[in-house]
Each structure stands twice: as C-alpha cells, then as structure tokens.
1. Roughly what angle does helix 88-97 make with the longest principal axis of the chain, taking Cα atoms, 0 to 90 degrees, to the nearest 10?
2. Percent relative contact order of the chain, based on C-alpha pairs within less than 8 angstrom and at least six residues apart?
3. Where does the charge balance sit around ILE56 when Lys and Arg score +1, Asp and Glu -1, over other residues with C-beta under 15 Å from its C-beta?
4. Between VAL63 and LEU112, what FRET efficiency comes out of the Förster formula 1/(1 + (r/R0)^6) with R0 = 35 Å and r the beta carbon distance, rounded to 0.05?
5. Starting from the exponent 0.38 and prefactor 2.2 Å, build the expected Rg for the range 1-125 from its residue count and divide its actual Cα Rg by it.
6. Out of LEU108, ILE4, PRO55, whose Cα points farthest toward the positive end of the dipole of the chain (charges: +1 Lys, Arg; -1 Asp, Glu; placed on Cβ)?
7. What are the radius of gyration and Dmax of the range 77-128, computed over its Cα atoms and given in Å?
8. So which GluC sites (Glu not before Pro) in the range 75-142 are both in a DSSP loop and have at most 14 other Cβ atoms within 10 Å of their Cβ?
Amino acid sequence: MINITEKQKCCGCAACTGVCPKNCIEMKEDTEGFLYPSVDKDKCIDCGACERVCPILNHKNKVPYKQKGYIVQHKNPTVLRESTAGGAFTAIAKYTLNRGGVVFGVELTDDLIAHHVYIETESELSRFRNSKYVQSCVGGYT
C-alpha cells in the first residue's frame, strides 16, 4: 500500500489511483491545495500495484543521449500571440487532427481547476492555449 509520509516523495501523478484494482486510492487536497494519494485501508487488499507503478518509488536512472534543439514559431500571428512556446503545440495538434487523431491537453475550468481532456476538432484547440502553472487533475476533478 502506498504511504506518502514526505510530500517531496510524491509527484502527484495519480498513477497509483489509476492502477488500483479496488479503487481505494483517492487524490485528496492538502492545506496548500496540492493533491496527494489517500488510501482507504479497509478496502485495500495490499496487492502492491500502487507501489509498482509509482515513478518516485521506482526511480530509473537516466541514460544519457545526444539531444537536439529546435526553434519553432507559428506563422499565424493570432496563434502566436495566444500561445506559449511559439505555437508549436497548435501546429503539431493540427497535424494530428487532420489525420483523424485526437489530441490531449490541459484546460482550466471556470473555477480554475486544471484538468486533462481530449479534443477532436481544430476549433477546440484554443482550450489548451496558455500556460497553467498549477497541478493538474488526472482523471476526474472536484
């Protein structure tokens, strides 16, 4: 069973919540507004799935590789003005949508909760523009 005793040892990814076969892990907000897993010990069957999926408990050493960098700037001045990172996300997302794919991103609700959603049309791309410097809710949101 996952047990977070030190907050710096949890990234809030909610992988433990998603993998739990008994749905006994819930992401709960602390006093500062960050989400951390909380386990219903009565429902938990100690299968260990939550601990096996945790990227913090199962840290993997990085393998160095040669990196490349690219500079991207969208040609549409409106998209460029409304975007961060030069509008690269919009260009890549349009490419994906035009080939029948879907695009996942983060949008803010009216009460400023960042959550993950998917879109299927170019007209919905504006939902993902601008940076959100807050923890996002993976799955449902409160």
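Laboratory data are not the source of any read-out in this text; all were calculated from the coordinates shown. Everything numeric here is computed off the predicted structure, so don't read it as measured data. Note that each Cβ is placed from the backbone with ideal geometry, even for glycine, and that neighbours are counted across all protein chains shown.
1. 90 degrees
2. The value is 17 percent.
3. Neighbour charge sum, excluding ILE56 itself: +3.
4. About 0.35, to the nearest 0.05.
5. 1.40
6. PRO55
7. So, for the range 77-128, Rg and Dmax equal 11.2, 33 Å respectively.
8. GLU120
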